[in-house]
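What follows is a short report on a single structure.
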Amino acid sequence: MQKSATLKFLKKMLAKIKKKLYYITNTTIKDLVIVFWIVRKQLSIFRTCAIILIYVYKRGMDMKKKSKAKKWPLFTAIGVTSVLVVGAAAVLLLRQPNQTATQDETAKIVLAKEGSVASSVLLSGTVTAQNEQYVYYDASRGDLDEVSVSVGDKVSEGQALVKYSSTEAQAAYDAASRAVAKADRHINELNEARNTAAATPVLPQAGIEGATDQSQAQSSTSATASIDSQISDARDVRADAAAQLEKAQAQLDAATVLSTVEGTVVEVNRNVSKSPTGNSQVLVHIVSNDNLQVKGELSEYNLANLSVGQEVTFTSKVYPDKTWNGKISYISNYPKNSSEASSSLAGSNTGSKYPYTVDVTSEIGDLKQGFSVSVEVKSMSKALLVPITSIVMEEDKNYVWILDENQKAKKVEVGLGNADAENQEITSGLTDGAKVISNPTASLQEGKEVKTDEATN
């Protein structure tokens with residue numbers, strides 16, 4: 001119907017042109033109708049008008065060459081045609097329904113559901129090994145004798161890593177060992193003497209008459225008691241020697257440093273200073289790749305918003321499309337350095353820094369030690385969530401469009417909580433499971449039936 005009215009309008013206007021402008025032929029009129037039909041098919045209207053004007057001009061110039069008429073009719077034809085074309089295009093534009101309005105808009109529907117948004121706390125950290133061992137040079141153990149591993153070696157728990165040599169520890173062990181052996185010999189001799197004394201009867205003394213069996217027994221008991229006392233003393237000596245031997249053995253054992261973790265040797269330093277001041281030098285560094293952590297420092301301003309046990313997600317610039325999960329396992333109650341904290345407070349507004357640790361709970365995958373990561377802390381609280389794109393603001397109020405039981409649009413005022421890059425907390429106005437339009441448009445009307453994509457999350 002609209003198409004017919006447009007054609008009638010065009011034919012009427014072109015008929016007027018045909019009567020007044022003798023340079024425009026019947027063929028030209030047919031051509032213009034075709035061009036106007038292109039306009040009707042929704043090419044760029046103004047671009048099409050420009051094409052029409054160029055066409056009319058060229059057509060007129062062709063006719064001028066074939067005619068001896070004056071110039072003013074040609075210019076008049078072009079001018080009138082231009083006005084007519086623009087007017088017709090405007091009429092068409094006005095008469096045509098709005099394209100965006102007539103298009104079948106498909107609403108994307110999501111279900112409001114309970115969940116957690118990421119908090120506003122963003123941290124940075126470095127991936128480290130959860131299980132690792134540093135072996136430092138210790139001059140008190142003796143002279144460095146041997147480093148028995150190399151970088152890249154796989155080591156097991158209890159494997160020897162470093163050996164020291166100490167003449168003092170060896171001499172102490174030898175002396176204690178001899179003392180224990182001497183004490184053992186003495187105890188054996190006393191035991192033999194006691195056994196002999198107990199088995200040998202005491203004879204009556206010459207010149208003493210009336211010796212009785214009872215007196216003989218008393219004498220034998222007195223002899224064994226004396227030996228028993230000596231044995232007790234010898235055993236005390238032996239215990240002291242054994243203690244010294246144990247101490248000396250511990251010193252010798254300390255001369256060999258064993259691995260406390262199963263992992264890979266990542267650092268070996270055999271050229272260390274032999275002076276006691278070089279005790280901070282690392283001889284061997286072993287890490288385990290099975291368990292990784294993220295360690296970093298957080299500002300004092302974040303302490304109130306964080307707690308041990310909170311879940312986090314983190315990413316690395318090396319693999320920006322991958323995300324790992326973790327859980328905060330440690331937050332220090334003390335700043336990293338008191339002097340640093342004091343200077344920080346005096347010279348800037350960053351506040352004190354507190355060490356924290358995050359245990360990686362997801363698959364390690366491509367994550368490597370040494371990666372710098374960005375950590376986003378998840379909120380501990382649960383709330384009703386909708387896509388952040390579904391929120392509509394009008395006059396300082398917040399709304400969402402939902403579908404009622406009749407699949408018709410309904411605008412609902414809501415209260416807002418926290419939000420992250422994707423989701424918005426809803427504190428009031430919605431119920432769990434409500435069908436929310438995630439892509440609301442200006443064409444939505446209260447009570448209007450809405451075409452949906454049928455898919456909900």
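The values are calculated or read from the model by the stated rules, or taken from the named source; none is laboratory data. The model shown is predicted, which means the values in this text are computed figures rather than measured ones. All Cβ positions, glycine included, derive from the backbone under ideal geometry; neighbour counts span all protein chains shown.
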Can residue 416 be described as assigned to a loop (DSSP other than H, G, I, E, B), of a type in the set (A, V, I, L, M, F, W, C) and not assigned by TED's automatic domain parsing to the domain that holds residue 306? no
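For every residue, the table says whether it meets (1) closer than 13 Å to residue 111 by Cα; (2) among the β-branched types (Val, Ile, Thr); (3) not in a loop (DSSP other than H, G, I, E, B).
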position	(1), (2), (3)
409	no, no, yes
421	no, no, no
426	yes, yes, yes
432	yes, no, no
440	no, no, no
444	no, no, no
Taking the stretch 168-196 and keeping residues over 60 Å from the mean Cα position of the chain (by Cα), without any contact (Cβ under 8 Å) to a residue 12 or more places away in the chain and closer than 27 Å to residue 252 by Cα leaves 178, 181, 185
Residue 114 passes all but one of (1) part of a strand (DSSP E or B); (2) more than 30 Å from residue 453 (Cα to Cα); which number fails? (2)
Determine which single condition residue 204 fails, assuming it passes every other condition in (1) modelled with pLDDT of 80 or more; (2) assigned to a loop (DSSP other than H, G, I, E, B). (1)
Condition first: closer than 30 Å to residue 374 by Cα, touching a helix residue (DSSP H, G or I) at 6+ places or on another chain (Cβ under 7 Å) and modelled with pLDDT under 80. Can you find one or more residues in the stretch 78-91 that meet it? no
